[in-house]
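Here the structure comes first, spelled out in structure tokens, and everything after it is commentary.
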Amino acid sequence: MISKNLFFKLIKQDMKRRIWCPILIFVACFLGLEVRLLMDMEEFVRYPNAHSYSLAVYIREYFFGRDARTMAIVVCMAAFLCGLSGYAYLHSKIQIDLYHSLPVSRSRFFWARYLSGVMQFCIPFVLNVAVCTGIAASRKAVTAETILAILSFIGIEMIIFVLAYSVAVIAAGLTGNVIVSILGTGVLFAYSAGLELLKFLMAERFYDTYTVYDSRGHFIFDGSVWCFSPISMMIKFFSSPNNTTMAQAQKFFKYDTSYVGVLIVAAVLYSLAAYFIFMKRASEAAGKPIAFRIAEPVIKTMVVLPSAFLTGFFFCSISSTTNTDRWFLFGVFFGFTVICILMEIIYRLSLRGALMHKKQFLFNAVCTALIFVIFRYDVAGYDTYVPADAQLQSCAVSISGLMPLAQEIRVNEFGVHVLSSGEYRMANMELQGNASVMELARKAAKEQLEIRYFDYYEGIENSTEYLETLEKQNNYRVIEFGYKLSNGKNIYRKYIVDIADSDTLRLLSDIFNDYNYKIGATPLFNDSWNIAFDTVRCESNFKREDITLTPQMQSELIGIYQKEYMNLTLDTIMYTAPVGTVDFLFKENRKDDILYTSYSGKMYVYPQFTETLALIKEYGVDMQEKPNVEDVALIRVNDEDMYPSSYLHRSPYDIYEAKSEVYSDEENEEAEYSSKEQVQQILDSIISDGVVWMAKGYSNFYENQYVVNIQYKKKDLSNLNVSYHFVKGKIPAFIQ
């Protein structure tokens, strides 16, 4: 009974001794909760039409929902403060002797101090949340659903606190002084996230076929390999799903609810680990950098190796030269040496210890060199790996530039989800039984083609060698594969293929002509992605009009378009200029304003789509109509000396938009034509840049030498503000 009373007395005394801690946490929570809530409410009052949702929805879905990730930063800082201050006595021999002489078991003493730290955060945090609830209730913005959101918010933040708090306690138990414990807390908190970032950087730099999929096409953190430190678990928890199905896209995600159980288990395990370390820690460890000497070489290796490579990438990022290999190697060598010396100084607490443990220094150097060799020379065969047919369940293919998908989907009132073509196709396409798919993958992996780059220098733009190099480089294309294996694993690769190669072009044609490829290429043909469209935007060479269709008319248009699209061949895509585009839109009502958001992206309409063109004409838009010569005041033609400079220093990801960028000669000439005969010839020979800009990546349909602008007699005759170019081979003689 005495021991039990002493247990609660220890909690009470620790709360009194560290009263500054909950006060400081209360102030931080006040600024992060009440002050922010009042500011946001003021914005709702001053700008009532700025949001498409009400204040009650904002309180429920944002403030106590999605914004939990913002508050998690404050929670982690509070956890570090409580953990390090609560167990700082472990770094003082006098305090250890004092506390361990109390008539209470070491186990109970640990849990008393542990619970005290939790209460120092929990009490002020819950009080601030209660005040915010009262403020929201005063504005009649609290419903039964809001109460559930508030309870969920408190639960999530408490789990995150316990997770981060336990890491801080572990760091305090593993170290013997405050400075090292602070550094140790940072390392433990972010270590696996750093490894995930390093894995991405190394693969991106050394593996030609490496590719990732997210909505922005950049670094995606999935924690699939290493996800044991708190920050990596928090990133995964708060990361929105890819929304590669309509059901996912329509659902509002605050965080990954299926991952809550993992966070709870991790919080429990870290708490038990902190308890185990505390019980095994020797009292004599106070004042020493590391409490467990056996862990010293392991910690050194774990810190030195990733730090060396991250330093190499840092020097690459600040280098202004195109050849960053030498700066990467310099950064690795520099980082390795400095971190090794710094670790020894921290462990020895003396400059004299900087060059101790030469054997471990050599061991870490060998490990660093070995890792570099494995990645640099692809010892594991990453770039050449292609799954065997027996391992494959299905395959997804994304041929860059062919019927590109420019998707920006607003499926609910809470935000826009941007979906890349590769991301959608990797998740929704399943090709089976097409031998050309794997044949092309093996051919591309074996050839290991690379896009060659060259530097621009004065005079080369007119040389034959330059133009030949451009033409060859323009034949290179990026093709991405998603292998879905029988064991449930997904593997992604990207390759460079040369479409000038007849065998490659044959395989590409076989893939493009596959019904399942075309069905899986765009959500417009995916039944699970069907939504009600409000209007269809038709754009052709000389006009752009929106037509409102009934659901039956929309279904008829999509059906006919899909039928004709399925008959498209790769030759048509590459060598036939489209007539125009159709874009399926839906309304987004913003109180006093109405916005139209694209669902399908611009879908090309080709001259072969006779039924589609006839149906759209029946609906009121003639996409093949040309302006009347009588309505044209004059046509201006600019003679520009275009140099295709956009190919310089291009990555394979950007090569398909390259042709839209040019150098322009300062001495360009402009001519005006107004005679009916000349105007008619020009109208018959030009194509709108706005119609074919997405197609320019895989075929150049027009001449770059001239830019054409049309001036109408009446401004309301054209709703397009675009420039035109002459179709390749159709420049009128009087202009040349």
Query raised in the report: List the pairs whose first member sits in region 99-122 and is closer than 25 Å to residue 24 by Cα, whose second member is small (Gly, Ala, Ser) and part of a helix (DSSP H, G or I), and whose Cβ atoms are under 6 Å apart, counting only residues at least 6 apart or on separate chains?
Result: 113/86; 117/86; 121/78
Query raised in the report: Among 557, 524, 568, which is the only one that is closer than 16 Å to residue 613 by Cβ and outside any loop (DSSP other than H, G, I, E, B)?
Result: 557
Query - Which listed residue, of 290, 339, is over 22 Å from residue 170 (Cα atoms) and of a type outside the set (Gly, Ala, Ser) - result: 339
Requested in this report: Report whether or not residue 109 is of a type in the set (Phe, Trp, Tyr), surrounded by fewer than 19 Cβ atoms within 10 Å (Cβ to Cβ) and touching a helix residue (DSSP H, G or I) at 6+ places or on another chain (Cβ under 7 Å).
Outcome: yes
Report task. Output the residue which, of all residues in region 640-651 that are buried (at least 16 other Cβ atoms within 10 Å of the Cβ) and outside any helix (DSSP H, G or I), is modelled with the lowest pLDDT. Result -> 650
**Report entry** residue 44 hydrophobic (A, V, I, L, M, F, W, C) and without any contact (Cβ under 8 Å) to a residue 40 or more places away in the chain
**Finding:** yes
Query - Test result for residue 28, hydrophobic (A, V, I, L, M, F, W, C), under 23 Å from residue 231 (Cβ atoms), in contact with an Asp or Glu (Cβ under 9 Å, 6 or more places away or on another chain) and surrounded by 12 or more Cβ atoms within 10 Å (Cβ to Cβ) - result: no
Query raised in the report: What are the residues in region 44-85 that are within 21 Å of residue 231 (Cβ to Cβ) and aromatic (Phe, Trp, Tyr), if any?
Result: 80
**Report entry** Restricting region 547-581 to residues that are of a type outside the set (Ser, Thr, Tyr) and without any contact (Cβ under 8 Å) to a residue 40 or more places away in the chain, the residue that is surrounded by the most Cβ atoms within 10 Å (Cβ to Cβ)
**Finding:** 558
Query - Residue that is nearest to residue 110 (Cα to Cα) [pool: residues in region 134-181 that are crowded, with 17+ Cβ neighbours inside 10 Å and among the hydroxyl-bearing types (Ser, Thr, Tyr)] - result: 166
Query raised in the report: Taking the condition within 24 Å of the chain's Cα centre (by Cα) and at pLDDT 65 or above, does residue 406 pass?
Result: no
Query raised in the report: Restricting the first residue to region 312-336 and requiring it to be under 27 Å from residue 358 (Cβ atoms) and of a type in the set (Val, Ile, Thr), which pairs with a second residue that is modelled with pLDDT of 90 or more and crowded, with 16+ Cβ neighbours inside 10 Å meet a Cβ separation below 8 Å and a spacing of at least six or different chains?
Result: 332/308; 332/309; 332/311; 332/312; 332/368; 332/372
Report summary line: Apart from one, (1) of a type in the set (Gly, Ala, Ser); (2) modelled with pLDDT under 90; (3) over 18 Å from residue 525 (Cα atoms) all hold for residue 422; the odd one out is (3)
Query raised in the report: Of these, 561, 575, 606, 619, which one is among the hydroxyl-bearing types (Ser, Thr, Tyr) and at pLDDT below 90?
Result: 575
Report task. Return yes or no: is residue 77 part of a helix (DSSP H, G or I) and in contact (Cβ under 8 Å) with a residue 60 or more places away in the chain? Result -> no
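To keep it simple, each residue is scored yes or no on (1) modelled with pLDDT of 85 or more; (2) crowded, with 18+ Cβ neighbours inside 10 Å; (3) more than 24 Å from residue 152 (Cβ to Cβ).
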position	(1), (2), (3)
5	no, no, yes
14	no, yes, yes
43	no, no, yes
49	no, no, yes
58	yes, yes, no
69	yes, no, no
77	yes, no, no
Report task. Sort through 521, 532 and tell me the only one that's among the aliphatic types (A, V, I, L, M), surrounded by fewer than 17 Cβ atoms within 10 Å (Cβ to Cβ) and touching a strand residue (DSSP E or B) at 6+ places or on another chain (Cβ under 9 Å). Result -> 532
Query raised in the report: Residues of region 120-174 being in a helix (DSSP H, G or I), among the hydroxyl-bearing types (Ser, Thr, Tyr) and out of contact with any Gly (no Cβ under 9 Å at 6 or more places or on another chain), which ones?
Result: 133, 138, 146
**Report entry** Scope region 79-110; condition under 49 Å from the mean Cα position of the chain (by Cα) and farther than 20 Å from residue 181 by Cβ; matching residues
**Finding:** 107, 108
Report task. Give region 517-560 a look and list any residue that's closer than 30 Å to residue 481 by Cα, among the hydrophobic types (A, V, I, L, M, F, W, C) and more than 26 Å from the chain's Cα centre (by Cα), or say none. Result -> 558, 560
Query raised in the report: If you go through region 184-207 one residue at a time, do you hit one that is outside any helix (DSSP H, G or I) and at pLDDT 90 or above?
Result: yes
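The values are calculated or read from the model by the stated rules, or taken from the named source; none is laboratory data. Note that the structure is predicted; figures quoted are calculated from it, not measured. For neighbour counting, all protein chains shown are included, and Cβ atoms are generated from backbone atoms with ideal geometry for every residue, glycine included.
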